[in-house]
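The structure appears below as structure tokens.
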């Protein structure tokens, strides 16, 4: 059901993109815009992981530089049936993490220094499990394509404003139409992008909790990350807001209007879904407000 919904939303985003191109230059405008977008997506397909990691100043780590983090990723990747992804660390006091890469064979998982300094081992495992859920579901590629198309729509809408402004048929109604296109097209693209992101977050929570075996630890991690993200900024995410949907919790959640257009479901709803999953797995309920204790016999080391 989630895949079907994602496919429908992506189709809607693509249709909106072509509609903006059509409004600007008719059929030829739509075709040219589609060709440009295809080239952009092709570039993103091969280089998105490098670009995102570079934007955030992430550094690759190994068993010598970050032994515990690499061990967690290795064990959970094995349990998920995935190739070992590359592991990165970014210097940020805000606890957070994201995954990137065009497929499981070329995936990378990145955690912040704040994540390692704030969360328990089981909570970190829950977060890494979530990110590996994105990798196994191929969400990283989906979100890259979504961000690319949404960005192209905004660019086309701005171009269309100037294009129509010089059109000899431009009148009061045309100006109003141009302004509406400039405002509403990117807004519609943003709403579709948020809908796709929120759908995939629930799926990654579910799969990540199953991979780590600790829905309660993931819920506890979400509570901590969400609370701290409201107080501690993520500077690189603020500079590159298009990457916000990649993180496990919106890194911009403490920045004014960002709450109105959140790229993620509410933490309360995510925890409720994890509580239901915990009962389904026969683990009983839990209090997400109480930090999860390390239970290695039940965690990824069991």
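The values are calculated or read from the model by the stated rules, or taken from the named source; none is laboratory data. All of these numbers come straight from a predicted model, not from anything done at the bench. All Cβ positions, glycine included, derive from the backbone under ideal geometry; neighbour counts span all protein chains shown.
Some values worked out for this structure:
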read-out: Residue identified as surrounded by 14 or more Cβ atoms within 10 Å (Cβ to Cβ), modelled with pLDDT of 70 or more and either out of contact with any strand residue (DSSP E or B) (no Cβ under 8 Å at 6 or more places or on another chain) or farther than 30 Å from residue 281 by Cβ (or both) among 160, 177, 208; value: 208
read-out: Residues satisfying the stated conditions in region 100-120, i.e. under 14 Å from residue 69 (Cα atoms) and touching a helix residue (DSSP H, G or I) at 6+ places or on another chain (Cβ under 7 Å); value: 108, 109, 110, 111, 115, 116, 118, 119
read-out: Per-region count, region 119-152, residues in a helix (DSSP H, G or I) and at pLDDT 80 or above; value: 18
read-out: Single condition residue 137 does not satisfy, out of (1) touching a residue at least 24 places away in the same chain (Cβ under 8 Å); (2) farther than 30 Å from residue 17 by Cα; (3) surrounded by fewer than 22 Cβ atoms within 10 Å (Cβ to Cβ); value: (2)
read-out: Qualifying residue in region 257-265 (condition: assigned to a helix (DSSP H, G or I), at pLDDT 95 or above and buried (at least 16 other Cβ atoms within 10 Å of the Cβ)); value: no
read-out: Only listed residue being outside any helix (DSSP H, G or I), modelled with pLDDT under 90 and buried (at least 17 other Cβ atoms within 10 Å of the Cβ), chosen from 237, 292; value: 292
read-out: Check on residue 116, over 25 Å from residue 275 (Cβ atoms), assigned to a helix (DSSP H, G or I) and modelled with pLDDT of 95 or more; value: yes
read-out: Residue under evaluation residue 244, criteria (1) at pLDDT 95 or above; (2) within 18 Å of the chain's Cα centre (by Cα), criterion not met; value: (1)
read-out: Any hit, region 59-80, residues being in a loop (DSSP other than H, G, I, E, B) and surrounded by 24 or more Cβ atoms within 10 Å (Cβ to Cβ); value: no
read-out: In region 20-54, the residues that are modelled with pLDDT of 80 or more and either under 27 Å from residue 96 (Cβ atoms) or not in a helix (DSSP H, G or I) (or both); value: 46, 47, 49, 50, 51, 52, 53, 54
read-out: Residues within region 88-113 that are touching a strand residue (DSSP E or B) at 6+ places or on another chain (Cβ under 8 Å) and assigned to a loop (DSSP other than H, G, I, E, B), tallied; value: 8
